[in-house]
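The values are calculated or read from the model by the stated rules, or taken from the named source; none is laboratory data. Model, not experiment: these values are computed from the prediction. Every residue, glycine as well, gets a Cβ built from its backbone with ideal geometry; the counts of neighbours run over all protein chains shown. Ligands, DNA and RNA are excluded from the accessible area calculation, which covers all protein heavy atoms including side chains. Shrake-Rupley method; radii C 1.70, N 1.55, O 1.52, S 1.80 Å.
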Amino acid sequence: YHSLLEGGTSTFVATKRYVRKNGSPVWVSVHVALLRDAEGQPLHFITVVEDLTERMRAQQALRQSEEWLAFAQGVAGVGIWDWNAATGETRASDQQFRLYGLDPAVKFPIGDDYLRLIHPSDRDRVARQVDCVMASGSHYESRFRVVWPDATVHWLSASGQVFRGEAGGPARFIGANMDITERVRAESTLKEFFDLSPAPLAITGFDGHIRQANQALLGATGLTLEELQKSPFVDFFHPEDREAIARQFCNVAATGESVALEARGATGDGSIRWLLLTLAAVEDEKLGYI
C-alpha cells in the first residue's frame with residue numbers, strides 16, 4: 001500500500017489469509033489498484049478479493065498425495081519416468097534416479113546418454129524395444145541390466161505406455177522401473193538347482209503340459225523336451241494310473257497342498273518304471289511342479 005501511495009507501482013496482487021469470527025482461516029487473492037485525481041493525488045483504492053480457500057485445499061491435498069506417492073514409491077522400490085516427445089525432456093522420481101545409481105539433483109539422461117547406462121549386452125535390445133513401442137504405441141515390458149557409476153550391475157524391470165498426441169504421433173512415454181536384482185539371482189540359483197538336480201524334475205502349466213524338464217528327467221525317460229511337450233504329462237504314465245494322477249493334480253492345483261503317490265512311468269523304449277511321484281502347485285503362477 002505504501003508503494004502505491006508513493007507512486008512506485010499502480011497495482012499489486014497479494015495472497016494472504018483472513019480470519020473468520022470462528023477463528024478459521026480464509027485464503028484470498030487481493031487485487032488492489034489506486035485511483036488518482038487529475039493532479040495525481042490519491043483518491044481511493046479499488047480492491048477485488050478472490051476466495052482461494054478451495055484452491056489452496058486442493059493444492060495442499062495434491063502436495064500430500066505427491067508426498068504419499070513418493071513415500072510409496074520409495075518403500076516399494078518403484079521409479080517413475082515421464083518422457084515428453086515435444087520437448088525431449090524426461091521427468092523422473094527420486095527413486096528412478098536411485099535405481100540407476102544417479103543423484104536426483106542432476107538431470108535425468110535421455111537418448112544416447114540414457115542408453116549408456118544400460119549394460120552393453122542389453123543395450124541394443126532395449127533400444128530396439130523402445131523404438132518398436134514408440135512406433136506402434138504398444139505396451140512396453142522389458143528386463144535389463146544397468147551399470148551404476150561404481151561399476152556394479154543391477155537388474156531392472158520396466159513397464160510403460162506410449163500416449164499419442166492429436167496428430168497421432170507419440171506425445172508422452174510414461175512408465176516405471178523396479179529393481180529385480182535379488183529376484184534374478186534367486187531365479188538363477190533355482191534354475192541351476194533345477195538343471196543340476198539328480199532327481200527328475202518338471203514344471204507344467206495348469207493345463208497339464210510340461211513347460212520345462214531337467215536333464216535327469218530327460219535321461220530317465222529317454223525322451224527329448226520337445227517330445228515331452230507334445231502331450232499332457234499324464235500320457236507318459238501307464239494307462240491304468242493316468243486317471244488317479246490327473247485327479248490328484250487337479251486337487252493340488254485347487255488346494256495348493258502337495259501330494260506324493262506311486263505310479264508307473266513309460267520310457268522312450270517302451271519299458272515301464274515304478275516312480276514315487278510328488279505333485280505341487282503355485283496358484284499365483286498357474287504352474288505345477290513334479
Give the residues of the stretch 133-156 that are part of a strand (DSSP E or B), of a type outside the set (Val, Ile, Thr) and open to solvent by 30 Å² or more (accessible area, probe 1.4 Å), sorted by residue number.
-> GLU141, ARG143, ARG145, HIS154, TRP155
Among the residues of the stretch 166-174, is there at least one that is assigned to a helix (DSSP H, G or I) and without any contact (Cβ under 8 Å) to a residue 24 or more places away in the chain?
-> no
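For residues that are among the polar types (S, T, N, Q) and in a loop (DSSP other than H, G, I, E, B), scanning just the stretch 217-234, find the one that is surrounded by the most Cβ atoms within 10 Å (Cβ to Cβ). Spell out the reasoning first.
The initial filter retains those residues of the stretch 217-234 that are among the polar types (S, T, N, Q), namely 221, 224, 229, 231.
Filter once more, so that each one left must be in a loop (DSSP other than H, G, I, E, B): 224, 229, 231.
Working: THR224: 12, GLN229: 15, SER231: 12.
Taking the candidates together, the pick is GLN229.
Can you pull out every residue in the stretch 175-192 that is among the polar types (S, T, N, Q), part of a helix (DSSP H, G or I) and surrounded by 13 or more Cβ atoms within 10 Å (Cβ to Cβ)? Give the derivation first.
At the first step, the residues of the stretch 175-192 found to be among the polar types (S, T, N, Q) are 177, 181, 188-189.
Among the residues that remain, those that are also part of a helix (DSSP H, G or I) are: 181, 188-189.
Of everything in the stretch 175-192, just one residue is among the polar types (S, T, N, Q), part of a helix (DSSP H, G or I) and surrounded by 13 or more Cβ atoms within 10 Å (Cβ to Cβ), namely THR181.
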Restricting attention to the stretch 43-61, report how many residues are open to solvent by less than 100 Å² (accessible area, probe 1.4 Å), of a type outside the set (Ser, Thr, Tyr) and either within 15 Å of PHE12 (Cβ to Cβ) or without any contact (Cβ under 8 Å) to a residue 24 or more places away in the chain (or both).
-> 9
Output the number of the condition that VAL147 fails; it satisfies all remaining conditions of (1) under 22 Å from ALA186 (Cβ atoms); (2) without any contact (Cβ under 8 Å) to a residue 12 or more places away in the chain; (3) among the β-branched types (Val, Ile, Thr).
-> (2)
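Can you tell me which residue within the stretch 1-12, out of those that are of a type outside the set (Gly, Ala, Ser) and open to solvent by less than 100 Å² (accessible area, probe 1.4 Å), is modelled with the lowest pLDDT? Before you say what the answer is, go through the steps one by one.
Filtering the stretch 1-12 for residues of a type outside the set (Gly, Ala, Ser) gives 1-2, 4-6, 9, 11-12.
In the following step, the residues that additionally are open to solvent by less than 100 Å² (accessible area, probe 1.4 Å) were identified as 4-5, 9, 11-12.
Values: LEU4: 80, LEU5: 81, THR9: 75, THR11: 84, PHE12: 83.
The residue in question is THR9.
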